């Protein structure tokens, strides 16, 4: 197996213009994206608003095809929406007429091969959903409706929904941005534990630098539009990480370093720094 074969996510000189007219004008949303992510790695992407973080996510899930370059996920070329990924966003977007457990089961009703087996395996799938909800602290709320849950509870359910079909990769776009600081930190710990146990890859897009340093193995800073990765920072803090680490000088030094890079990004682009 070559080094390239060991990467779970492999972006090779990827550029994206949103339409042919913009492409003709060389107007790209993201440009020259080279990114290699190891199996089981947790990466975070930070940067100023409008820098292309969400565009990158669309490329990583196959919702957008690059204008130039090549994307491999799990060693396969990306040619359309991926079934091996789960996603959660800032808004939990639970269906109000479905209970918590039925919201979590939704991907299994939609995504093959689970869809074909859903009726036959309903009891097994529901047991899996209930176990997952227990794991994130929603035991006793499985049969409640979204309007009966707090924002933090809804987001926990949203993460369960993203993981119910046991994806190899979890993509998170500002998932905790609307929550209060205490709830956000609780959810950091839940995500930390789930990922440590199940070893799925994570791509987290966030504005919260503390969040990125606490959770990720590697943090990437994107430049302002057109987005490109300009800083790659390995986070060599020992795992498992507890919230106490966020008060240490070692942790805050990394956060300040990243903040400095983003401040510089607002003024000008720069070559990637290792």
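Bear in mind that the values in this text are calculations on the coordinates, not laboratory data. Here the structure is a predicted model, which is why all the values come from computation and not from measurement. Counting neighbours? That spans all protein chains shown, and the Cβs are built from the backbone with ideal geometry, glycine included.
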Virtual paramagnetic centre 7 Å along Cα→Cβ of residue 207, amide N under 14 Å, in segment 42-83: 46-54
Mean separation of Cα contacts under 8 Å (6+ apart) over length of the chain, as relative contact order %: 24 percent
Viscosity 1.306 mPa s, temperature 10 °C, Stokes-Einstein D of segment 64-182 from Kirkwood C-alpha radius, µm²/s: 103 µm²/s
Among 195, 154, 134, residue whose mean-square fluctuation peaks in a GNM of the chain (springs only between Cα atoms under 10 Å): 134
Relative contact order (%) - segment 1-69, alpha-carbon pairs under 8 angstrom, separation at least six: 38 percent
Protection proxy ranking, peptides 142-153, 245-256, 8-19, average beta carbon neighbours within 10 Å, highest first: 8-19, 142-153, 245-256
Helix-only CD estimate at 222 nm, as mean residue ellipticity for the chain, using -39500 (n - 2.57) per DSSP H run (n ≥ 4): -10500 deg cm²/dmol
Extension gain from residue 199 to residue 117, taking 0.36 nm per residue of separation minus the Cα-Cα distance: 27.0 nm
Cα long-axis angle, helix 122-135 against the chain (0 to 90 degrees, to the nearest 10): 60 degrees
Convex hull volume per residue for segment 152-246, taking Cα atoms only, in Å³: 111 Å³
For segment 27-120, alpha-carbon Rg relative to the globular expectation (2.2 N^0.38 Å, N residues): 1.31
Relative contact order computed over segment 127-235 (Cα-Cα under 8 Å; 6+ residues apart), in percent: 19 percent
Degrees between helix 181-198 axis and first principal axis of the chain (Cα, 0 to 90, nearest 10): 90 degrees
Cα-only Debye scattering, the chain: base-10 log of I(q)/I(0) at q = 0.09, 0.10, 0.13 Å⁻¹: -0.43, -0.54, -0.90
Spin-label model distance (nm) - residue 256 vs residue 236, 7 Å beyond Cα toward Cβ: 2.0 nm
Most fluctuating residue given options 66, 92, 81, as computed from a GNM of the chain linking Cα atoms under 10 Å: 81
Folded to 0 to 90 degrees: helix 100-110 orientation relative to the chain principal axis, Cα: 70 degrees
